[in-house]
1. Which trypsin sites (Lys or Arg not before Pro) in region B:212-303 sit in a loop by DSSP (not H, G, I, E or B) and have at most 16 other Cβ atoms within 10 Å of their own Cβ?
2. Excluding B:Gly251 itself, calculate the net charge of residues whose Cβ lies under 13 Å from the Cβ of B:Gly251, where each Lys or Arg counts +1 and each Asp or Glu counts -1.
3. Checking the cross-link filter: which lysines have an alpha carbon closer than 21 Å to that of A:Lys137, excluding same-chain neighbours under 8 positions apart?
4. Taking beta carbons within 10 Å but only from partner chains, what does the mean come to for residues B:195-202?
5. Could you tell me how many degrees, from 0 to 90 and to the nearest 10, lie between the Cα long axis of helix B:156-168 and the main elongation axis, the longest principal axis, of the Cα atoms of chain B?
6. Which of the listed residues, B:Leu361, B:Gly439, B:Leu373, is farthest toward the dipole's positive end in chain B, when Lys, Arg count +1 and Asp, Glu count -1 at the beta-carbon?
7. Cut-off 10 angstrom, C-alpha nodes, Gaussian network model of chain A. Which of A:Lys115, A:Lys104, A:Lys61 fluctuates the most?
8. Using only Cα atoms, locate the centre of region B:396-448 and the centre of region B:50-129, then give the distance between them in Å, rounded to an integer.
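We did not get these values from a lab; they are worked out from the coordinates using the rules stated. All values derive from a computational prediction rather than experimental measurement. Quick reminder, even Gly has a Cβ in these numbers, built from the backbone with ideal geometry, and neighbours come from all protein chains shown.
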Amino acid sequence: MQKQEFTITVYTENHIGLLNRIAIIFSRRKINIESMNTSPSEVPGIHRFTIVINETEEVVKKLVRQVEKQVEVLKAYYNNNEEIIWQELALYKVPTEIIAEEVKVERLLRQHGAKAVVIRKDYTVFEVAGQREETDKLIKVLEPYGLIEFVRSARVAIIKASRGFHEKLKEFEALKPGSGLVKNEYLNKQEEVFSM
Amino acid sequence: METLTIKKEKATAKEDTAKQVSGSVAVLEAFLAEGVEVIFGYPGGAIMPIYDALYDYNEKLKHILVRHEQGAIHAAQGFARASGKTGVVFATSGPGATNLVTGLADAMIDSTPVVCITGQVFAHLLGTDAFQETDVINITTPVTKWNYQVTDATEIPEVLAKAFYIAGSGRPGPVLIDITKNAQLQLFGYAGYKKCEYIRSYRPKPNVRKEYVEQAAKLINEAERPFVIFGQGVILGKAEDEFKAFIEKAGLPAAWTIMGMSAIPTDHPLAVGMLGMHGNYGPNVLTNECDVLIAVGMRFDDRVTGRLDKYAKQAKVIHLDIDPSEIDKNVKSTVPVWGDCKETLPMLTELVQKKEHKAWLQRFYEYQEKENLKVIQDELNPKGEVMTMGEVIKALNELTKGEAIVVTDVGQHQMVACRYAQFQRSKSNVTSGGLGTMGFALPAAIGAAFGDSSRTTVAIIGDGGFQMTLQELGTIMQFKPDVKIIILNNQFLGMVRQWQQLFHEKRYSFVDITSPDFVQVAKGFGIPGKSISKREDLVASLSGLLNSKGSYLLEIMVGKENNVFPMVPQGRGVAEIILSKDEL
């Protein structure tokens with residue numbers, strides 16, 4: 001099996017220390033996290049981690065089980081790049097005088113879908129939301145014109161096949177003592193994309 | 001991120017009617033509600049409010065003052081392993097908490113339910129490098145099933161309820177709750193304690209899928225050479241009877257991992273011995289000849305499997321485990337039977353056909369005979385003048401009749417004890433399996449003695465491991481648990497020496513260890529003792545040990561350079577097990 005980019009989506013309770021608990025699952029195995037983002041999810045009170053790693057599917061599958069084993073993790077999924085819609089946000093700071101003087105720069109920025117966030121006398125900050133290759137390309141373009149600062153956010157991703165977490169959560173809450181048994185959800189959906 | 005969402009409003013609303021108690025009292029009330037009888041602990045600055053509250057609970061909660069926090073957690077582990085209940089520990093902040101780390105790691109890898117309460121500096125001092133402040137939560141995150149820091153006393157009842165639930169349910173493990181001093185002192189409206197039975201994000205056991213049980217039963221029914229290997233899951237799941245019914249109905253030969261040992265009587269007709277690096281010949285070789293391998297509550301540790309690419313490649317593997325992350329972790333399963341084996345085993349038993357596999361079982365006996373001739377008879381009935389560890393265990397078996405709890409440390413004596421000790425009852429073999437913690441046995445034996453005082457607790461320890469935690473003799477002196485200590489003294493760090501002999505051209509690098517006069521040391525702690533080196537003294541001394549009133553220490557001098565065989569050398573397959581060093 002070949003290594004490839006996988007995006008791991010983890011739905012969790014919102015607790016202090018969980019970030020560390022999840023991060024050490026990777027570092028313990030000497031696996032580099034390419035990017036990690038934490039954010040709210042579609043369900044109020046439930047947190048969502050988006051983690052990108054470069055690994056074989058076999059390794060990712062085991063990692064996801066280790067993540068899901070954590071007490072405060074509700075569910076973890078992994079997907080390859082075809083199975084998700086994903087974006088990263090990049091910010092570029094360039095000297096304003098060049099933008100003003102060189103019409104070329106303005107054209108380039110427009111070509112790359114950059115938006116001005118702040119325009120000051122001394123510098124201008126542009127943002128680009130897109131995939132890694134796109135944001136990388138603009139760095140190369142701006143470098144000759146004096147790119148002052150560059151930063152890129154972690155990946156955020158939407159799983160194409162996901163129907164959201166509300167239903168899943170209801171399933172979990174149905175497990176509260178006294179309610180009927182739900183079939184083993186891991187095993188039932190083994191073949192589907194939206195499962196581990 | 002936020003702290004744990006606790007219904008604080010609820011607590012405040014009831015404040016008028018509910019009685020005001022301190023966080024410390026809430027901790028002790030939680031213990032009472034959870035049925036805690038014994039606490040192993042050591043006081044210190046940051047846990048003083050809890051110890052102050054304990055002063056008034058002296059009659060309801062027994063507290064054992066250990067001599068080092070590592071001793072406290074190993075004792076709690078021994079308690080849990082012998083009793084099947086959750087062990088409880090108190091330690092202070094900083095060094096008190098860091099001293100727990102080895103025991104936490106041990107309990108984590110051996111799935112032992114333990115709840116540790118550590119004191120912490122005042123919440124307003126967190127992160128200021130205050131006296132005896134350490135980041136206990138982050139230090140212990142990799143070695144706990146769950147941990148949590150309490151800074152507000154109103155959280156205590158709910159957090160403790162979660163702690164006990166998480167530690168003891170599903171695949172058990174250690175939980176650490178760090179409580180700041182202000183929370184211990186804080187008075188709040190106490191609305192009572194409610195046990196936790198459910199956590200939204202936590203599924204202690206996956207639900208059983210019938211289809212997989214059916215597939216597993218079909219494989220077992222069609223098998224000609226089925227072989228069961230079982231681990232501690234059978235004991236932790238309290239499924240000893242279910243397990244026995246299963247193997248007996250389908251006539252399945254069964255071998256145990258070191259952690260699974262004692263789940264069925266060692267003399268059971270279907271018991272074929274121990275797996276792994278120093279396990280028995282038959283179960284190791286025949287792992288690679290069976291057609292269906294049924295793994296029950298075990299995790300295919302590398303000490304069990306040897307080289308994975310040479311492990312049971314011919315077999316269809318059925319893996320029963322409560323922890324989904326264990327399935328396919330090391331060995332790919334053909335049929336994964338996820339779930340609690342207390343539930344899955346009876347379902348399987350129902351579906352398997354009544355069978356006997358006489359010819360197949362005979363194969364195990366044949367290998368046993370070979371092992372007898374080449375290893376066991378010389379170990380148990382040596383002709384040489386110097387005693388062997390094996391003959392000590394054999395003599396002990398005859399006296400205890402397999403009824404005792406045997407606690408072992410780590411090394412050669414552990415392997416010999418686990419190879420030859422006989423057990424009639426479950427929860428009788430207490431040892432540090434996964435982590436291999438030297439120094440485990442003495443404190444664990446203290447815990448085991450408190451955990452089940454109806455049985456004799458025998459601690460078998462090497463001369464090296466004993467010196468790692470011998471301060472706990474002080475705990476024995478003060479609190480008088482009945483522990484029968486046997487030191488098997490070969491004047492070496494024997495297992496390392498064995499490896500240096502076999503794999504490092506006998507370059508004995510720092511394995512020659514000097515020991516104090518153990519009998520004199522014990523005497524200093526008020527514990528009677530004796531040292532023997534002659535065979536004719538063995539049986540009488542062992543019965544003296546077992547019949548002594550209270551604890552006793554017996555040092556037995558054994559052969560200096562004896563090796564433990566058989567052995568699956570590292571990097572080899574289980575079928576490449578050797579019976580002597582000439583086969584290397």
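1. Sites meeting the loop and neighbour criteria: B:Lys238.
2. +3
3. Within the straight-line limit of under 21 Å, A:Lys137 reaches these lysines: A:Lys93, A:Lys104, A:Lys115.
4. Neighbouring Cβ atoms belonging to other protein chains average 6 per residue here.
5. Helix B:156-168 sits roughly 10 degrees off the main axis of chain B.
6. The listed residue farthest towards the positive side: B:Leu361.
7. It is A:Lys104.
8. Between the Cα centre of region B:396-448 and that of region B:50-129, the gap is 23 Å.
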